[in-house]
Amino acid sequence: MRDVADRLDDLRDAGLYRRLRLIESPQGPRVTLDGAEVLLLCSNNYLGLADHPRVRQAAADAAERFGAGAGASRLISGNMSIHDRLERRLADFAGYERALLFGSGYLANLGTVSALVGRGQVVFSDELNHASLIDGCRISRAERFVYHHCDLDHLAWGLRKAGHRGALIVTDAIFSMDGDVAPIAELTELAHRNGCRVLVDEAHAIGSLGPDGRGAVAEAGLGGEVDLVVGTLGKTLGSYGAYVCASAEIVDLLTNVARPFIFSTALPPPAVGAAIAALAILESQPGMVEHLRLNGATLREALAENGLQAGPSRTQIVPIVVGDAELAMALCERALDGRVFAQAIRPPTVPEGTSRLRLSVMANHGANDLRAAARLIAGAAAELGVGTSTAGPGHPQQVLREAA
Ligand SMILES: Cc1ncc(COP(=O)(O)O)c(C=O)c1O
């Protein structure tokens, strides 16, 4: 057994050591980071709802009415009327029969994939899927087929090979580190033609894509046809927790067999109350979604004008792929010197050799701030001799090996 200190040294030597940074203000477009005010360019609080006065108030009201915690899992004594209310709203919002809350998006994916497939079946997963989907596939004990990023031919080949054992295709809607969008209509068609279900993780697409920010599945006109839609409450909806939307029958099964649902305390009422309020704001103010889209376009254009390409992103997630992990960290620190906070993302979050700054815009960023940040990052990149990849997501062999 290797010593803990040795392992930490190995991480430092590889440029992969991580430390926590400290934020001392609410999650707005500017935050106080380690004592200094910086422009926040790496948050998933895309519409700024985590700090919205009505969302804060709703969390406080829910704490007053229901208390701070749920005290037990949903199937014991933790199932409260506020959980039921949010589930009904989420199901309506997404156009599904039922929704089921989970403790987080990570737990939702872990629990849902492992509840739906098992030994003797095959689960199909995009090579750039989020770790929670990868881990869900791993613990399911189903055989895994990891298809090349958004490669429908490769997937179709895998489906043919799997024959009747093919059971489930899982994909991010917006890929979390690249900002590109999965071909959901084609995936769904392929899945159903081959007798498979399809699960789409809308973690980054709610509030960003589709009519009034209803997500990528709604954008593709497939609400209710995609078998399962996962969403989180911790990103656009400014709170914490997650949900799965599906048919009443699938939700019934998840309620009975999804282990992270069964063996974990129900979401705290303030988090649920905050999410209900955030959803109401999203539904009543679609202009915020339009602002987010415009800001994404502004940042991508400003980066391009300054010689930095953001790959195939068409969303609020704008990656600048640097390659080397230490170089990505150096670029991050240079940006911070100029009061722009964009955390470097390194393996294992992204494949080896594709370390990056993952910029993400918020609806309430100012266009001039985004343009200034693009100039600053491009200047720092030039000074460091960073040549960015314009090819977008490549073929990350390490992820393939890990997840295959
Ligand atoms: C695509 C995707 N799915 C799931 C999650 C996990 O969600 P949560 O933060 O609610 O655990 C993330 C988080 O980054 C994500 O990017």
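Just so it is clear, none of the values below were taken in a lab; they were calculated from the coordinates. If you're wondering where the values come from, they're calculated on a predicted model, not measured in any experiment. Note that each Cβ is placed from the backbone with ideal geometry, even for glycine, and that neighbours are counted across all protein chains shown.
Spherically averaged projected area of the convex hull of Cα atoms, region 167-235: 4.3 nm².
The Cα-based radius of gyration of the chain, divided by its Kirkwood radius, gives an Rg/Rh of 0.96.
Projected area of region 53-284, taken from the Cα convex hull and averaged over every viewing direction, in nm²?
Details: hull surface 45.5 nm².
Average projection, Cα convex hull of region 53-284: 11.4 nm².
Distance between the C-alpha centres of region 1-28 and region 108-152: 28 Å, rounded to the whole angstrom. Peptides 354-367, 227-240, ordered by how many other C-beta atoms sit within 10 Å of their residues on average, highest first, read 227-240, 354-367. By DSSP, the beta bridges lying fully in region 53-284 are antiparallel in about 40 percent of cases. With helices as the sole contributors, the chain gives -13000 deg cm²/dmol at 222 nm; each DSSP H run of n ≥ 4 counts as -39500 (n - 2.57), and the sum is divided by every residue.
Whole-Å semi-axes of region 254-359's equivalent ellipsoid, largest first, each the root of 5 times a Cα gyration tensor eigenvalue?
In descending order the semi-axes read 33, 23, 14 Å.
Ranked by the mean number of other Cβ atoms within 10 Å per residue, highest first, peptides 107-118, 210-221 order as 107-118, 210-221.
Given their separation in residues at 0.36 nm each and the Cα-Cα distance between them, K161 and S81 gain 24.2 nm when the chain is fully extended.
Relative to one another, the C-alpha centroids of region 157-209 and region 249-293 are positioned 21 Å apart. In this structure the amide hydrogen of V386, modeled in the peptide plane, comes within under 5 Å of no amide hydrogen from residues 5 or more places off or on another chain. Each Lys and Arg contributes +1 and each Asp and Glu -1, all at the Cβ; summed about the Cα centre of the chain, the dipole is approximately 560 debye. Taking amide H as placed 1.01 Å from N in the peptide plane, the amide H of R30 sits under 5 Å from that of L40, each at least 5 places away or on another chain.
Test of understanding: what is the full-extension gain from E301 to E283, defined as 0.36 nm times their sequence separation minus their Cα-Cα distance?
3.6 nm
Stretch D6-D135 to full length: gain in nm at 0.36 nm per residue minus the Cα-Cα span?
That works out to 43.8 nm of additional length.
In region 145-181, which residues have a backbone nitrogen under 19 Å from the label point lying 7 Å from R193's Cα in the Cα-to-Cβ direction? It comes to 147-171, nothing else.
Of the GluC sites (Glu not before Pro) found in region 20-117, those in coil by DSSP whose Cβ has at most 12 other Cβ atoms within 10 Å are E24.
Here the calculated FRET efficiency for T255 and D151, from their Cβ-Cβ distance with R0 = 30 Å, stands at 0.30, rounded to the nearest 0.05.
For the chain, DSSP calls about 55 percent of its internal beta bridges antiparallel.
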